[in-house]
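One structure below.
The values are calculated or read from the model by the stated rules, or taken from the named source; none is laboratory data. Computed from a prediction, not measured in an experiment: that's the story for all the values here. Cβ coordinates were reconstructed from backbone atoms using ideal geometry, including for glycine residues, and neighbour counts include every protein chain displayed. Just the protein is used for accessible areas: all its heavy atoms, side chains included, with ligands, DNA and RNA removed. Shrake-Rupley method; radii C 1.70, N 1.55, O 1.52, S 1.80 Å.
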Amino acid sequence: MITAREVRLRFRKGLTGWINALDGFSVTVRRGDIYGLLGPNGAGKSTAMYTFLGLLTPESGSVEVLGEKLFPGSHLFQRVAYLPEEPHYHLYLTVEEAVSYYASLYPRAASKKQQAVLMETFGLSNFRRLKLARCSKGMKQKVGLIQALVNEAAEIFFLDEPTRGLDPLTTARFREILLEKNRQGVTVILNSHVLAEVEMICNRVAIMDRGKVVVEDELKHLLHPENNYDVEFEPAAEVPEWISVTERTGSSVKAVISQENLPNFFDFLRQSRLRLYLCALKKTTLEETFKHLFQGGSGGKTVAD
Amino acid sequence: MGKQLLTNLRCHLLFFSRNGLLLAIVVVLAIHAGTGLFFSTLYESHTNRFYTIQEVTGMINGYSFVLVAALGILTIFSHLRDRCLKMVFTRPCPPEVWIFSLLLAIILVAAGLALIALLTGTTLFLVWKIPFQSGLVFVCMNNFLRSVTLAATLTFMSLLVHPVLAIFFVAAFQERTLFFFWMTTEAALRNVSTPREAFFSALGRNLARFFYYLVPIQEPFQEVWAEVSRSWVVLARDWLRLLLLVGYLMVFCSFLGILCAELLKRKRLV
């Protein structure tokens, strides 16, 4: 559905220098995916998205969305919804005018009534007549979400940092809407630094560094379960050495134990008459994978090194 | 396409109505024209009053000319600076629709301002009981066409270079100036004595001729209509020329609109 093959794109730096924004960037997004594009700042995530949208033209390589190359104003945009990273909107318009304007550029968009419902959902009803220039960053982000959601014919959502500046409730609501859209067959490709959010909604991810993809895989393969358990129990005076304590507070002890020691751990609790608060199979988080890729054992070097 | 054109047209008109700089120009125009009108009521003779009508409408037309010329350049500058055009072009709305709706919005504002000048002049003719001169309609229409031509040129230029440079180029590279420069170098070429002088004169002449042919004609009948502007007496052939000018404007705006759309497609909008 969305493919990029060996895409290279450079930006001029000064009079003579160049920066490789995309350096052999290749990904494949399948229909129905919620695809996360991750990476440190300057990895090229937004540039990749601009290239998908035809806002930047690569020097070499190929980019295809829905089997074609997008360009400004392309008819294919009726099947695409886009949320930019920065709130670059028509600041002289009011919230209501902006939503209506962006919606009316689509052939099949939400009706005025549906737009009002979306504004209500995202808590913008009372600010309908407020100019975007006077809106807070969070409010502008909400306008961004609404203008993406008004395209009723959208088959692909390109979301660049969609929850940036949003409160937790709005973030959760948006997540629900996005998952619902995905259940209806919408493909989502999103950039995010919020790895917990990516873990919650994405099924595939690509991790980028310096303009290229260093890892592209199913999320479940990256979040593989380990043979260890996270445990939390009542504080004890003495803890056996096979229990690796990670945190000790006045109310609990947090620790990691291996699968082989699980029976011994329950014996220890029974004998010491301690209450167990938590015992869960430990899984590698995306954050740990990310840290491992960019910091782990490389002496501060990035994966591209 | 029609719906998108109207949507963008409405958006451009909202931009014009909410732009601080444009509003300031309008306020200055209103104050200046109002003051002029107030003092002109003190005149007694019909002759003086006729000149006053010419002066007042000339003033309104002059301000309209500046205001309309600024519309395109301000819109392009503001939208490129705010980087909000990507919100338009990541929808099935081609740059052609956006730019033609902008030109249409400029034409509407220019027509509105021409109407204001016309109504002001007509009102003064009626109030002071002076026989109406058709030259008023002619002058207002001519100013409307001139201002739209300039606005279209500046819109195009502001997509090529920085707006300040665009204004500089349009002000410096005027057809009359270039024609004068061409004729001067042509004359100089006939009186050269050394090969070096001949080389530089020929270079100057060729450059002047190149730019003369390159720059768009803003006022094709300026020389012919000097008398009409002074006396407000319009002959049938002048109306015919005005009609030709309308045709020229339509072709000119369409051509520049297409060029602007091509430039917008190549512009970095992120």
All strands (runs of 3 or more DSSP E) inside the range A:224-305 with 3 or more residues being at pLDDT 80 or above, open to solvent by 50 Å² or more (accessible area, probe 1.4 Å) and farther than 26 Å from residue A:204 by Cβ: A:244-248, A:276-283
Enumerated helices (runs of 4 or more DSSP H) restricted to the range B:1-94, each holding at least 1 residues that are of a type in the set (Gly, Ala, Ser), more than 22 Å from residue A:102 (Cβ to Cβ) and within 11 Å of another protein chain (Cβ to nearest Cβ): B:20-40
Verdict on residue B:254 being open to solvent by less than 80 Å² (accessible area, probe 1.4 Å), at pLDDT 85 or above and closer than 20 Å to residue B:155 by Cα: yes
Restricting the range A:64-80 to residues that are surrounded by 23 or more Cβ atoms within 10 Å (Cβ to Cβ) and within 21 Å of residue A:205 (Cα to Cα), the residue that is nearest to the other protein chains (Cβ to nearest Cβ): A:80
Given (1) assigned to a helix (DSSP H, G or I); (2) open to solvent by 20 Å² or more (accessible area, probe 1.4 Å), number of the condition residue A:107 does not satisfy: (1)
Tally of residues being more than 24 Å from residue A:38 (Cβ to Cβ) and in contact (Cβ under 8 Å) with a residue 12 or more places away in the chain across the range A:78-110: 20
Matching residues, the range A:141-164, being more than 13 Å from chain B (Cβ to nearest Cβ), in contact with a helix residue (DSSP H, G or I) (Cβ under 8 Å, 6 or more places away or on another chain) and assigned to a helix (DSSP H, G or I): A:142, A:145, A:149
Count - residues of the range A:43-55 that are within 19 Å of residue B:93 (Cα to Cα) and in contact with a Lys or Arg (Cβ under 7 Å, 6 or more places away or on another chain): 2
Filter pass, residue B:42 being free of Cβ contacts under 8 Å to residues at least 12 places away in the same chain and open to solvent by 60 Å² or more (accessible area, probe 1.4 Å): yes
Wholly within the range B:108-195, helices (runs of 4 or more DSSP H) carrying at least 3 residues that are open to solvent by less than 40 Å² (accessible area, probe 1.4 Å), in contact with a helix residue (DSSP H, G or I) (Cβ under 6 Å, 6 or more places away or on another chain) and in contact (Cβ under 8 Å) with a residue 40 or more places away in the chain: B:135-160
Residue check for residue A:207: β-branched (Val, Ile, Thr) and touching a Lys or Arg at 6+ places or on another chain (Cβ under 7 Å): no
